[in-house]
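Contents: one structure, followed by commentary.
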Amino acid sequence: MRIAVCIKQVPDAEGRLQVAADGKWIDEDEIKFVINESDQYALEEALTLTEAHGGEVVVFSLGPDRVQDALRKALALGAKRAVHLADSAFHGGDAHATARALAAAIRSEEFDLVLTGAQSDDAGYGATGSMLAGLLGWPHAWLVMGLEVDEGGGSAKVTREMESGMNEFFRLQLPAVIEVQAGLNHPRYASLKGIMQAKRKPVDRPTPADLGLVADEVGMAGSRLEIVDVAFPDSGVGAQIFEGDPATAAKALIEKLRNEARVL
Amino acid sequence: MRESLRQLIDTEINPYVDAWEEARAFPAHEVFKKLGDAGFLGIARPPEYGGMGLDWSYSLVMAEELGHIQCGGVPMAIGVHTDMCTPALDRFGSDRLKREFLAPSIAGDLVGCLGVSESVAGSDVASIRTMARRDGDDYVINGEKMWITNGGQADWMCCLVNTADGHPHRNKSLLIVPLNAPGVERSRKLDKLGMWSSDTAQIFFDDVRVPRHHLIGEEGMGFAYQMMQFQEERLWAAANTVTGLDNVIRETINYTRERQAFGRSILDNQVVHFRLAELSTEVEALRSLVYRATELMIAGEDATRLASMAKLKAGRLQREVVDSCIQYWGGQGYMWESPVARAYRDGRLLSIGGGTDEVMLGIICKYEGTLPKTR
């Protein structure tokens, strides 16, 4: 099997975020970036599948030079090759522009499966994967918690987690785009051997032209969505402070939770 | 490498440290297998035995990162396995012996320990009494080893024994002793001041037979091999300490910044932030010393003088830093469960184990040429 895994590099959730000077995104200086959590599970699933069925994993990511770290990590974990959509024309795009760039890069090779996380931990649209499936014209499953590739590799059975603890099972034809949730498996640690081998693994950096795209189809120029403003919510708005000693305050809180919020 | 190790520590080790401290042991086989699978147990060992064949600067990085484990016992147990009981086996052991014991230890399938100290001889290594006599194709061992880290769980011991009478520096040998051999008896876990998550045992040998090929290198060279093997041990201990001290200082800064007394944070008192700055300076100086000693070791030069200085300084600085920090934590720091109290208990060993401060001073004086002449 040849599996493409799309990963995104996102700010570490433990970091302290500040709004950037232009007010349109966070200030990326001084913060640590990591591989998006659900993408780590997608990569692990891909590595496990190729270990069982043979084949290789190619990892894709879009973003500035810092994304190299995420790709090297993925290579250290066992991906064979990486494709970095690093050209500045790709940057700043919405989910559709990003999906378009990824689709072109994925289409330029042969894959049996695309795996990615269900949504990013920063922007959180949860849209890139489904748009990618649409652009490729492939079947698609979202919020996947279980994946088995059928014998022969022509189809796969997926488990999706529904509300109320129910699961939904269905089978889809490959190639397909499957978006997984965190918790699907146990991501491995990069071994020292893997870390050393990763230094010698190839990272391609195609331009839009290499992928048969024109620059204004991708990135900010190709986007239909524009971030107007990023801000922290005003503190205190919507908050209720219960006065009095702990017993009185707790009683008042339970009353509210029971009668107003109706969660008890 | 740091990131991968850190992830493993934060996921597989730190969440369980409190429970292991309570249990007075950690599951060494389980933890070592995870480290072995990720390739961290044979960093400086040859690839033909599953190692990575890297120089000791990578072992240094590992020792530093293991300092992020939230106790002293677990990193010590790992260090014993990677850098204290295996260097001589790697350097002087036969291919057969390395396949039997080194390769599975690098893979994380076997746990090793080092047997030098005895209840009658610790730092005075030359005075050990355990004896191994040749009998046909075997050695027959009688004696005892004390304060053995990993002793309760280890599968094998790199054991220093007397194989002859005569000059105490030339009558010793290193033998690999499988600890499931008949005649090996492990005592109950020893109750210690600190390092609780590491199990420490006394081990008795009563006519224990080991095959001749379990001898590391040459008979009579054990003392010399062990003295060489001590260099990795001492440098490892110093490197591991640096990170732990950084963390204690950082946690003290965080705590004293939050904690208010007399209308301001504890940290805002000049005596406190100046003192913490002094301590950080000392830690940086130790780090530089460790790095210099490592450079010598990598270059194949004699690192004994600097490694002994690093170990001496680490033991003393550990006490100085943690004692100062616990003062600024006040009553909270004196609580049994506080991280700084654990560092206080665990860190005291550093000036004792692996050669006491006084032994380090003796070695340094020997290199300085200031030891009085013995008659």
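In this structure, is residue A:153 modelled with pLDDT under 95 and touching a helix residue (DSSP H, G or I) at 6+ places or on another chain (Cβ under 9 Å)?
Considered against the rule, which asks whether it is modelled with pLDDT under 95 and touching a helix residue (DSSP H, G or I) at 6+ places or on another chain (Cβ under 9 Å), residue A:153 comes out as yes.
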Give B:53, B:73 a once-over and let me know the one that is touching a helix residue (DSSP H, G or I) at 6+ places or on another chain (Cβ under 7 Å) and surrounded by fewer than 24 Cβ atoms within 10 Å (Cβ to Cβ).
-> B:53
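With a cut-off of at least 2 residues that are among the acidic types (Asp, Glu) and at pLDDT 95 or above, name the strands (runs of 3 or more DSSP E) lying wholly within the range B:130-191. Explain how you work it out, then say what you get.
Details: elements: B:131-135, B:138-149, B:156-162, B:172-178, B:184-186.
Output list reads B:138-149.
Output the number of residues of the range B:123-137 satisfying the condition of being out of contact with any Gly (no Cβ under 7 Å at 6 or more places or on another chain) and touching a residue at least 40 places away in the same chain (Cβ under 8 Å). It would help to see each step written out before you state the result.
Filtering the range B:123-137 for residues out of contact with any Gly (no Cβ under 7 Å at 6 or more places or on another chain) gives B:124-128, B:132-137.
Then keep just the ones that are touching a residue at least 40 places away in the same chain (Cβ under 8 Å); that gives B:125-128, B:132, B:134-135, B:137.
Within the range B:123-137, residues that are out of contact with any Gly (no Cβ under 7 Å at 6 or more places or on another chain) and touching a residue at least 40 places away in the same chain (Cβ under 8 Å) number 8.
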For residue A:101, state whether it is part of a helix (DSSP H, G or I), in contact with a Phe, Trp or Tyr (Cβ under 6 Å, 6 or more places away or on another chain), among the aliphatic types (A, V, I, L, M) and touching a residue at least 40 places away in the same chain (Cβ under 8 Å).
-> yes
Please find, within the range B:197-208, the residue that is surrounded by the fewest Cβ atoms within 10 Å (Cβ to Cβ) out of those that are among the hydrophobic types (A, V, I, L, M, F, W, C) and at pLDDT 95 or above.
-> B:204
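So in the range B:99-122, with the set limited to residues that are part of a helix (DSSP H, G or I) and farther than 23 Å from residue B:205 by Cβ, which one is most open to solvent (accessible area, probe 1.4 Å)?
Among those that are part of a helix (DSSP H, G or I) and farther than 23 Å from residue B:205 by Cβ, it is B:99.
Based on what the data block shows, is residue A:229 of a type in the set (Asp, Glu), assigned to a helix (DSSP H, G or I) and either free of Cβ contacts under 8 Å to residues at least 12 places away in the same chain or more than 14 Å from every other protein chain (Cβ to nearest Cβ) (or both)?
Numbers: of a type in the set (Asp, Glu): yes; assigned to a helix (DSSP H, G or I): no; either free of Cβ contacts under 8 Å to residues at least 12 places away in the same chain or more than 14 Å from every other protein chain (Cβ to nearest Cβ) (or both): yes.
No: the conditions fail for residue A:229.
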Given B:257, B:275, B:316, B:250, which one is touching a strand residue (DSSP E or B) at 6+ places or on another chain (Cβ under 6 Å) and either open to solvent by 70 Å² or more (accessible area, probe 1.4 Å) or without any contact (Cβ under 8 Å) to a residue 60 or more places away in the chain (or both)?
-> B:257
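Right, residue B:74: away from chain A (no Cβ under 14 Å) and either over 22 Å from residue B:195 (Cα atoms) or touching an Asp or Glu at 6+ places or on another chain (Cβ under 8 Å) (or both) or not? Give the steps one after another, and end with the answer.
Working: away from chain A (no Cβ under 14 Å): yes; either over 22 Å from residue B:195 (Cα atoms) or touching an Asp or Glu at 6+ places or on another chain (Cβ under 8 Å) (or both): no.
It is false that residue B:74 is away from chain A (no Cβ under 14 Å) and either over 22 Å from residue B:195 (Cα atoms) or touching an Asp or Glu at 6+ places or on another chain (Cβ under 8 Å) (or both).
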Quick one: residue A:52 ticks every box in (1) within 14 Å of chain B (Cβ to nearest Cβ); (2) assigned to a helix (DSSP H, G or I) except a single one, so which number is it?
-> (1)
Report yes if some residue within the range A:84-95 is in contact with a Lys or Arg (Cβ under 7 Å, 6 or more places away or on another chain), assigned by TED's automatic domain parsing to the domain that holds residue A:130, part of a strand (DSSP E or B) and touching a residue at least 12 places away in the same chain (Cβ under 8 Å); otherwise report no.
-> yes
So which residues in the range B:351-375 are within 26 Å of residue B:80 (Cα to Cα) and either open to solvent by 30 Å² or more (accessible area, probe 1.4 Å) or out of contact with any Gly (no Cβ under 7 Å at 6 or more places or on another chain) (or both)?
-> B:352, B:353, B:354, B:355, B:356, B:358, B:359, B:360, B:361, B:362, B:363, B:364
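Can you name every one of the strands (runs of 3 or more DSSP E) wholly within the range A:128-192 that holds 2 or more residues which are more than 14 Å from chain B (Cβ to nearest Cβ) and open to solvent by 30 Å² or more (accessible area, probe 1.4 Å)?
Numbers: elements: A:140-149, A:155-161, A:167-173, A:176-180.
In the range A:128-192, A:140-149, A:155-161, A:167-173 are the strands (runs of 3 or more DSSP E) which contain 2 or more residues that are more than 14 Å from chain B (Cβ to nearest Cβ) and open to solvent by 30 Å² or more (accessible area, probe 1.4 Å).
Confirm whether residue B:290 is touching a Phe, Trp or Tyr at 6+ places or on another chain (Cβ under 9 Å) and within 30 Å of residue B:18 (Cα to Cα).
Values: touching a Phe, Trp or Tyr at 6+ places or on another chain (Cβ under 9 Å): no; within 30 Å of residue B:18 (Cα to Cα): yes.
No.
Just to be sure I understand, how many residues within the range A:55-83 are in a helix (DSSP H, G or I) and open to solvent by less than 20 Å² (accessible area, probe 1.4 Å)? Show your work before the answer.
As a first pass, look at the range A:55-83 and keep what is in a helix (DSSP H, G or I): A:67-77.
Adding the requirement that they be open to solvent by less than 20 Å² (accessible area, probe 1.4 Å) leaves A:67, A:70-71, A:74-76.
Within the range A:55-83, residues that are in a helix (DSSP H, G or I) and open to solvent by less than 20 Å² (accessible area, probe 1.4 Å) number 6.
The values are calculated or read from the model by the stated rules, or taken from the named source; none is laboratory data. The structure displayed is predicted, hence computed values, not measured ones. Glycine gets a Cβ as well: all are built from the backbone with ideal geometry, and neighbour counts include every protein chain shown. Calculation scope for accessible area: heavy atoms of the full protein, side chains included, ligands and nucleic acids excluded. Shrake-Rupley method; radii C 1.70, N 1.55, O 1.52, S 1.80 Å.
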